[in-house]
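Notes follow the structure.
Only the coordinates and a few stated rules stand behind these numbers; no lab work does. Computed from a predicted structure; not experimentally measured. So basically every Cβ, Gly included, is an ideal-geometry build from the backbone, and we count neighbours across all protein chains shown.
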Amino acid sequence: MRHALSLADKAEALGEIPVGAVLVDSEGNILGEGWNLSIIENDPTAHAEIVALRHAAKKAQNYRLLNTTLYVTLEPCTMCAGAILHSRIQRLVFGAPDYKTGAVGSRFHFFDDYQMNHSVEITGGVLAQECGEKLSAFFRRRRVEKKAEKIKNNP
Ligand SMILES: [Zn+2]
């Protein structure tokens, strides 16, 4: 999760919402990394999780990512939960809850509702405070910047 947090910093440096994700195998080797790129890539699907899964699948030349664990700093949305399901990852570990769009218990219960033969082991709230604080600080700063811009444009 520490590594995922450092990837979130990469998103933040680009002006993206700071979320990071890393996929590892059963020995802890890194298979794929991702951070939010939606704004820069003009891609609504470029969430950290999807970027990490794409990276790993391309490298593995396999769309199934069996026996892997995905670490992500924020609770996945429904889109990413779907991608997690389709990639057949074994375990999901996430940091901060997302009460607005979280699909793993905070807003929706994707993995409970979905009747499937593949089940994902889920651990939430890992370094939740640190992961959440990174996001809060980002949005706080952005609000201040937006306000300053407004004042600048309407003196
Ligand atoms: Zn997502």
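Grab the beta carbon distance between N67 and K152, set R0 = 41 Å, and tell me the FRET efficiency rounded to 0.05.
In this case the efficiency is close to 0.20.
What is the ratio of the Cα radius of gyration of segment 1-153 to 2.2 N^0.38 Å, where N is its residue count, to two decimals?
1.05
Quick one: check the C-alpha center-to-center distance for segment 110-155 versus segment 1-75, whole angstrom.
So the two Cα centres are separated by 15 Å.
Measure nothing but the geometry: give the 0 to 90° angle between the long axis through the Cα atoms of 128-153 and the longest principal axis through the Cα atoms of the chain, rounded to 10°.
30 degrees
Report the one residue of A56, A4, V144 whose Cα lies farthest in the direction of the positive end of the charge dipole of the chain (charges on C-beta: Lys and Arg +1, Asp and Glu -1; origin at the Cα centre).
V144
Tell me the angle of helix 78-87 to the major Cα principal axis of the chain, expressed in degrees between 0 and 90 and rounded to the nearest ten.
Once rounded, the angle reads 30 degrees.
Give the total of Lys-Lys pairs in segment 3-155 with Cα-Cα distances below 25 Å; include a pair only if its members are 8 or more places apart or on different chains.
Eligible lysine pairs with Cα atoms under 25 Å apart amount to 12.
With θ set to phi - 60° and the Karplus curve 6.51 cos²θ - 1.76 cosθ + 1.60, what are the ³J(HN,Hα) couplings of segment 24-36 in order, to the nearest whole Hz, using x for Gly and Pro?
Working through the residues one at a time gives 10, 8, 5, 9, x, 6, 6, 9, x, 10, x, 8, 4 Hz.
List the trypsin sites (Lys or Arg not before Pro) within segment 75-104 that DSSP assigns to loop and that have no more than 16 neighbouring Cβ atoms inside 10 Å.
R88, K100
Assigning unit charges at the beta carbon (Lys, Arg +1; Asp, Glu -1) and nothing else, what dipole magnitude in debye, to the nearest 20, does the chain show about its Cα centre?
With only Lys, Arg, Asp and Glu charged at Cβ, the dipole is about 540 debye.
What is the chain's relative contact order, in percent, from Cα pairs under 8 angstrom and six or more apart in sequence?
For the chain, the relative contact order is 18 percent.
Enumerate the calculated ³J(HN,Hα) couplings along segment 119-127 in order (Karplus 6.51 cos²θ - 1.76 cosθ + 1.60, θ = phi - 60°), each rounded to whole Hz, writing x wherever the residue is Gly or Pro.
Per residue, the Karplus-derived 3J(HN,Hα) values read 10, 9, 6, 10, 10, x, x, 7, 6 Hz.
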